[in-house]
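Okay, so here's the structure we're looking at.
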Amino acid sequence: MHSFVRQFITEWRRLKLPTAGGTVVAAVSGGADSVSLLLAVDDLIRLGKLKVRLVAAHFNHGLRDGESDADQEFVRQLTIKRGIELAVGKGSIPSEGNLEQNARDHRYAFLGEVAGDVNAFAVLTGHTVNDQAETFLMNLIRGSGPDGLAAMPAIRPLNTVAEDGGVTMNLVRPLLTWAMRKQTEGFCRDSGVEPRYDTMNEDTAFKRVRIRKVLLPLLEEMNPNIISTLAATAGLMAHRSAPAKSVEPTASAKPCLEIRSLKKLTEPELFNVVRGWLGEMRGTTRQLQLKHIEAVVRLAFSTKSGKTAELPGGGRVRRSGGKLTFEKNKVEN
């Protein structure tokens, strides 16, 4: 058994994922990270260590014309050779707003649909330690608070498949805590597979690419293990993020917080509660920066009523009648 596969099954067990029964969907772009994920799961199935149904899923964003189609064909040929089921999706990504976020939204919507169709208990993605470090730096530069700097979880709910009791579909990142990009590339090479390379990874117009190509190499001159260090720091932030005191919800037609309850909190608790509440109302904390939390806090303790605090990606908070009320715009980002 290859050392990469051995580490993979060790992490699978640590995450307490089922080793027999059920279906998993593996997101495969064609790059080294996602291909190594697919190969590892397939190897473990062939070795009898995992007895699950494996379905590969590839979403063609169409952002690189012929290259995108070549990625799709590469994944198709790889799955045919390995005898792996494949689901393919293709969509036109809106150019308005954040292109990376739009592409991500469409990709995850597709993965959720595929997982629902095959009744999967998990969608697997190939996020690595490198992704953890890059995300930490992106959020740090953006001005995120402790929650934003906390590590991406290896498992998080993706959506609820059945309301009647039951199945919660998870997004699982089996490579996140241990696999470096050089390891995924090495495993692909040892497996005789030459993964695809996304030329957009050279486009420094994207912030993540600038972090990967410019900032991280500079930091590596001061700390050769900077990627592992940043990922570990993100993990520490996650462990330090203690639950805040709860604030009782009010009986209202709209989601709201009682300002009098907020006044009982310390400043760290206040910021934690407001951020958590906004995350629940918006469905995500993405794009939510410290300045937005501060704006809502100022709104809560303002002597004027009827004012609003605008939020990124659509939505606002309104102060009225001793309550903060979240209002969602019709157009979402």
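Quick check on the stretch 95-114. Is at least one of its residues more than 19 Å from the chain's Cα centre (by Cα), among the hydrophobic types (A, V, I, L, M, F, W, C) and buried (at least 18 other Cβ atoms within 10 Å of the Cβ)? The answer is no, given that none of the residues of the stretch 95-114 is more than 19 Å from the chain's Cα centre (by Cα), among the hydrophobic types (A, V, I, L, M, F, W, C) and buried (at least 18 other Cβ atoms within 10 Å of the Cβ).
Take residue 153 and decide whether it is surrounded by fewer than 16 Cβ atoms within 10 Å (Cβ to Cβ) and either modelled with pLDDT of 90 or more or under 26 Å from residue 9 (Cβ atoms) (or both). So residue 153 passes the test.
Scanning the stretch 259-309 for residues that are among the basic types (Lys, Arg) and either outside any helix (DSSP H, G or I) or open to solvent by 40 Å² or more (accessible area, probe 1.4 Å) (or both) yields 260, 263, 264, 286, 291, 298, 304, 307.
Examine the stretch 202-212 for a residue that is at pLDDT below 95, among the aliphatic types (A, V, I, L, M) and in a loop (DSSP other than H, G, I, E, B), and state whether such a residue exists. For the stretch 202-212, residues at pLDDT below 95, among the aliphatic types (A, V, I, L, M) and in a loop (DSSP other than H, G, I, E, B): present. Return yes when residue 25 is modelled with pLDDT of 95 or more, touching an Asp or Glu at 6+ places or on another chain (Cβ under 6 Å), crowded, with 17+ Cβ neighbours inside 10 Å and under 23 Å from residue 118 (Cβ atoms) and no when it is not. When the stated conditions are applied, residue 25 does not pass them.
Reported count of residues in the stretch 109-119, each being in contact (Cβ under 8 Å) with a residue 40 or more places away in the chain and either charged (D, E, K, R) or within 19 Å of residue 176 (Cβ to Cβ) (or both), is 2.
The values are calculated or read from the model by the stated rules, or taken from the named source; none is laboratory data. The structure displayed is predicted, hence computed values, not measured ones. Virtual Cβ from ideal backbone geometry, glycine too; neighbours counted across all protein chains shown. These accessible areas exclude ligands, DNA and RNA; they are computed on the full protein's heavy atoms, side chains included. Shrake-Rupley method; radii C 1.70, N 1.55, O 1.52, S 1.80 Å.
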